[in-house]
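Student: Attaching a single structure in structure tokens format; questions to follow.
The values are calculated or read from the model by the stated rules, or taken from the named source; none is laboratory data. Model, not experiment: these values are computed from the prediction. FYI the Cβ positions are ideal-geometry reconstructions off the backbone, even for glycines, and counts take in every protein chain you see. Note: areas computed on protein heavy atoms with side chains; ligands, DNA, RNA excluded. Shrake-Rupley method; radii C 1.70, N 1.55, O 1.52, S 1.80 Å.
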Amino acid sequence: MGTISLEKAGKRYGGTEIIRDLDLDISDGEFVVIVGPSGCGKSTLLRMIAGLEEITSGSLLIDARDVTKAPPVERQLAMVFQSYALYPHMTVRQNMGFGLKLAQFSSDVIKVKIDQVADTLKLTHLLDRYPRQLSGGQRQRVAIGRAIVRQPVAFLFDEPLSNLDAALRVDMRLEIAKLHRTLGATMIYVTHDQVEAMTLADRIVVLKEGRVMQHGSPHELYESPANLFVAQFIGSPKMNVLACAPSGDGKLDLSGQGALSLTFSGVPTQLGARPEHLTLVTPDNGNCRGTVEAAEYLGGSTSVFVRNDALGLINVSAPADSAIRIGETVGIAINSARVSLFDAQGAAIARFA
Ligand SMILES: Nc1ncnc2c1ncn2[C@@H]1O[C@H](COP(=O)(O)OP(=O)(O)OP(=O)(O)O)[C@@H](O)[C@H]1O
Ligand SMILES: [Mg+2]
């Protein structure tokens, strides 16, 4: 089992509140990814769960047992850090077995467990090496192996792949997904990487200043963000936000630059449109127009930045082979079935395409 519940959990350093009244229920075997801007409290939250940081208010339950005040060893969680945190004077085998030795397993049992995990993680040929004799990716695999041998009730990962190069990150991302399928263990994973969050998560939790802004499946967060913050945080490149207002005829006016036909409830003041839901058209067509300020060829597509004096810089994802000239006037067609609407407070407004 590996259910984890935070109830009104909080963390203060002196007068500063880092985590505020946080409620989160994680089910057994769930893969939860925590994202949010730098300094929003992601590492602090993981460390509170691990027992490395005191919880100053509220409570933490693991498998329905209150462990708010329990020392780390009683929580049976394993944490994997960005920095690997391997012991430099120990071989891979000694690093992996250290926790088991402390827990007083016999050396025979320790050997069997390490051999099994080393086989899964393709570390067998490295068992006698020291960390300095390993590549970054190999070190990270050892750190993960060290966590697995202990058979924890849950794994906590704090940006485990951010020190690796792009190709290795992709490999390790697939390894972690496979590991989650094989072990079926609860995993809580902090990352800045959009692709890791979208591909690994059963559920993504978006934090801002120590508060949960929204949690849900990657699809839910991408398609139905609850507020402007989540809308702009999830998705790369970022969602465009255009000032708008209801016009008398039931349409949505885009700062006098054009209009969009769709029905909605409430009073939208901002329209969110992802770059992939915009299309470049001739200047007299589309929902608004502007001047091409820059174009970035990305191989698979081209990001075109169109300036409209009232609406700002709008990012349009165009086909890679588009013939685009800087300075030309273009029209932008907005796919009204895919836009998000927000009120003056930034809360999402229901819309009907
Ligand atoms: N020991 C401490 N004493 C006081 N403030 C702290 C302490 N540790 C962390 N903080 C503060 O708590 C806030 C959250 O830090 P935390 O490391 O959890 O952020 P994070 O979301 O993991 O950021 P990053 O994405 O940069 O890793 C920061 O403002 C940080 O300065
Ligand atoms: Mg951090």
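Student: Could you tell me how many of the residues in region 81-110 are at positive phi and open to solvent by 90 Å² or more (accessible area, probe 1.4 Å)?
Tutor: Residues flagged as at positive phi and open to solvent by 90 Å² or more (accessible area, probe 1.4 Å) within region 81-110 amount to 1.
Student: Let me ask something else about it. Please identify the pairs in which a residue from region 262-283 that is among the acidic types (Asp, Glu) has its Cβ atom under 7 Å from the Cβ atom of a residue that is at pLDDT 95 or above, counting only partners at least 6 apart or on another chain.
Tutor: Taking only residues 6 or more apart or on different chains, the pairs are GLU276/SER317.
Student: Check whether at least one residue in region 146-158 is more than 24 Å from the chain's Cα centre (by Cα), in the same structural domain as THR182 (by TED's automatic domain parsing) and small (Gly, Ala, Ser), and report yes or no.
Tutor: No - not one qualifying residue is present in region 146-158.
Student: Over 31 Å from the mean Cα position of the chain (by Cα) and open to solvent by less than 60 Å² (accessible area, probe 1.4 Å): which single residue out of VAL316, VAL306, VAL330, VAL339 fits that description?
Tutor: VAL330
Student: May I ask you to say which residue of ARG181, ARG203, ARG211 is free of Cβ contacts under 8 Å to residues at least 40 places away in the same chain and of a type in the set (D, E, K, R)?
Tutor: Being free of Cβ contacts under 8 Å to residues at least 40 places away in the same chain and of a type in the set (D, E, K, R) holds for just one of ARG181, ARG203, ARG211, which is ARG181.
Student: Sticking with this structure for a sec: Sort out which residues of region 342-353 are loosely packed, with under 12 Cβ neighbours inside 10 Å and touching a Pro at 6+ places or on another chain (Cβ under 6 Å), and write them in order of number.
Tutor: Matches in region 342-353: none.
Student: While we're looking at this one, here's another question. Among (1) within 16 Å of ligand 1 (Cβ to nearest atom); (2) in contact with a strand residue (DSSP E or B) (Cβ under 6 Å, 6 or more places away or on another chain), which single condition is GLU209 missing?
Tutor: Just one mismatch for GLU209, condition (2).
Student: Same structure again: Give region 161-191 a look and list any residue that's part of a helix (DSSP H, G or I) and closer than 21 Å to LEU45 by Cβ, or say none.
Tutor: ILE176, HIS180
Student: Please give the number of the condition GLY58 fails out of (1) at pLDDT below 95; (2) away from ligand 1 (no atom under 12 Å from the Cβ); (3) in contact with an Asp or Glu (Cβ under 7 Å, 6 or more places away or on another chain).
Tutor: All conditions pass for GLY58, except number (1).
Student: Scan region 283-314 for residues that are touching a strand residue (DSSP E or B) at 6+ places or on another chain (Cβ under 7 Å) and among the hydrophobic types (A, V, I, L, M, F, W, C) and jot them down.
Tutor: CYS288, VAL292, ALA294, ALA295, VAL304, PHE305, VAL306, LEU311, LEU313, ILE314
Student: Looking for something in the same structural domain as GLU175 (by TED's automatic domain parsing), polar (S, T, N, Q) and loosely packed, with under 14 Cβ neighbours inside 10 Å - is there at least one such residue anywhere in region 58-80?
Tutor: Looking for residues that are in the same structural domain as GLU175 (by TED's automatic domain parsing), polar (S, T, N, Q) and loosely packed, with under 14 Cβ neighbours inside 10 Å, one finds none in region 58-80, hence no.
Student: Can I ask one more? Against the definition (closer than 23 Å to PHE352 by Cα, open to solvent by 50 Å² or more (accessible area, probe 1.4 Å) and not aromatic (Phe, Trp, Tyr)), how does GLU276 come out, yes or no?
Tutor: Yes; evaluated as a whole, the condition is true for this residue.
So that you can scan it fast, the table gives a plain yes or no per residue for (1) open to solvent by 80 Å² or more (accessible area, probe 1.4 Å); (2) in contact with a Pro (Cβ under 6 Å, 6 or more places away or on another chain); (3) polar (S, T, N, Q); (4) within 16 Å of ligand 1 (Cβ to nearest atom):
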residue	(1), (2), (3), (4)
THR44	no, no, yes, yes
VAL112	yes, no, no, no
ASP119	yes, no, no, no
LYS122	yes, no, no, no
PRO131	no, yes, no, no
LEU134	no, no, no, no
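Student: Outside any strand (DSSP E or B), assigned by TED's automatic domain parsing to the domain that holds GLY250 and closer than 20 Å to VAL230 by Cβ, is that true of ALA310?
Tutor: So ALA310 does not fit the description; no.
Student: Next up: Yes or no: GLY51 more than 27 Å from VAL149 (Cβ to Cβ) and among the small types (Gly, Ala, Ser)?
Tutor: Judged against the criteria, GLY51 is not a match.
Student: Taking region 246-259, which residues are under 16 Å from ASN308 (Cβ atoms) and surrounded by fewer than 21 Cβ atoms within 10 Å (Cβ to Cβ)?
Tutor: Passing the criteria: ASP253, SER255, GLY256, GLN257, ALA259.
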